[in-house]
Amino acid sequence: MRLEGTKRTYAVRAQIKDVDGALLFTSTQAYHVITQGNPSYVTIELAQP
């Protein structure tokens with residue numbers, strides 16, 4: 001994916017829920033990706049709520 005020259009920013013967060021929708025784990029921060037020198041992949045740290 002190439003988005004060079006774009007002024008947009010992108011960030012990812014993650015959540016893991018059980019089959020009933022209860023939150024089990026959530027990311028501890030947003031991770032900026034793809035544009036403005038940020039990587040195209042990240043390792044996301046998760047914590048129990």
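Which numbered condition trips up Asp20, out of (1) surrounded by 10 or more Cβ atoms within 10 Å (Cβ to Cβ); (2) at pLDDT 95 or above; (3) not in a strand (DSSP E or B)?
Result: Asp20 passes all but (1).
For segment 33-48, how many residues meet the condition of being within 9 Å of the chain's Cα centre (by Cα), assigned to a strand (DSSP E or B) and closer than 15 Å to Gln15 by Cα?
Final tally of qualifying residues: 0.
Filter segment 22-32 down to residues that are over 15 Å from Arg8 (Cβ atoms) and not polar (S, T, N, Q) and give me whichever is nearest to the chain's Cα centre (by Cα). Working first, answer last.
Taking segment 22-32 first, the residues over 15 Å from Arg8 (Cβ atoms) are 22-29, 31.
Right, trim to not polar (S, T, N, Q) and you get 22-25, 31.
Working: Ala22: 20, Leu23: 16, Leu24: 17, Phe25: 13, Tyr31: 5 Å.
The qualifying residue nearest to the chain's Cα centre (by Cα) is Tyr31.
The values are calculated or read from the model by the stated rules, or taken from the named source; none is laboratory data. Source: prediction; values computed, not measured. Positions of Cβ are backbone-derived with ideal geometry, glycine not excepted, and every protein chain shown enters the neighbour counts.
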